Structures are given as C-alpha cells and as structure tokens.
1. Can you sort 118, 38 from fewest to most other Cβ atoms within 10 Å of each residue's own Cβ?
2. Can you give the FRET efficiency for residue 146 and residue 115, using 1/(1 + (r/R0)^6), R0 = 25 Å, r = Cβ-Cβ distance, to the nearest 0.05?
3. Normalised radius of gyration for region 21-149, please: alpha carbon Rg relative to 2.2 N^0.38 Å, two decimal places.
4. Among 36, 91, which comes first, second and so on when ranked by fewest other beta-carbon atoms within 10 Å?
5. Would you mind computing, in nm to one decimal, how far apart the modelled labels at residue 54 and residue 130 are, each placed 7 Å from Cα along Cα→Cβ?
C-alpha cells in the first residue's frame with residue numbers, strides 16, 4: 001500500500017511540475033522518449049558532447065521532410081524550444097532560410113512559456129506572437145502580416 005501511495009504521489013508531482021501547455025495540441029502531445037536525438041548544444045549553439053550539453057535536440061517526423069524539433073534542457077528533460085522545420089534545418093541551432101519555421105514555443109527554465117507564435121511556411125512573421133514574463137503573465141501580443149506588425 002505504501003508503494004502504491006508513493007507511486008501515485010510521484011505521478012501527481014510529475015504532472016504538476018511539467019512544462020506549461022502551449023495550447024498547440026501536436027506540441028503538447030509530444031513525448032520525450034518518442035523523439036530521436038540528433039544533436040547536443042551548449043548555450044551558445046555549439047555542437048557538443050552529451051556530457052557538456054545544455055540542450056538535447058530531438059526530432060519527431062511529420063512526414064514529407066517535415067519535423068517537429070524540440071530542444072530539451074539536458075538536465076531536466078523539459079522543453080526549451082519547439083518549432084517545425086524541414087529536414088535540412090534540424091541540426092541548426094537557430095533555423096534560418098526560407099520555409100523553416102511553422103509555429104514556435106519557447107520556454108523559460110522554470111517550465112513557463114516565454115513566447116508562443118505561429119508562422120506560415122517561412123521565417124516572415126504571419127500570425128500572432130505572444131510573450132510572457134517568467135511568472136506566466138502575458139506581456140505583449142502582436143499580430144503580423146507579411147512580416148509587418150498590424151496592431
């Protein structure tokens with residue numbers, strides 16, 4: 001009985017302390033263990049060994065050379081940065097070029113969302129981008145069309 005209670009407590013604690021949900025179902029349903037690790041990064045974006053990594057990048061295939069890419073904090077396995085990109089950009093620290101980002105969520109180390117935005121097939125902002133402080137309070141929401149803010 002004590003073991004069962006301990007297991008239930010641990011499961012509850014994990015659910016309470018997991019990263020804040022982004023509201024993007026396909027991102028929120030990702031499971032760490034289902035991704036394929038492709039590279040490890042230090043805070044400056046240099047490729048490093050697993051032992052020296054601050055971030056571990058995992059990819060989740062969406063078919064036809066499209067991937068959801070998640071940079072997890074190496075120590076906590078919590079997401080730090082989530083985006084969709086084509087195959088050619090999965091090892092870049094910050095994707096660049098045309099047709100690389102389709103959605104984006106960035107988390108603080110405490111698990112709260114820092115930025116959430118939607119892009120439509122390019123690095124040109126098309127959609128809404130919202131930023132938050134470390135406590136989860138919304139700071140700003142800006143809507144873009146063809147890269148220009150419209151509000």
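1. Taking fewest neighbouring Cβ atoms as first place, the list is 38, 118.
2. Details: r = 20 Å, r/R0 = 0.80.
With a Förster radius of 25 Å, E is 0.80.
3. That ratio works out to 1.02.
4. With the sparsest Cβ surroundings first, the list reads 36, 91.
5. 2.7
Values in this text are rule-based calculations from the coordinates and carry no lab data. For clarity, every value in this text was computed on a predicted model and none was experimentally measured. Ideal geometry is used to build each Cβ from the backbone, glycine not excepted, and the neighbour counts take in all protein chains shown.
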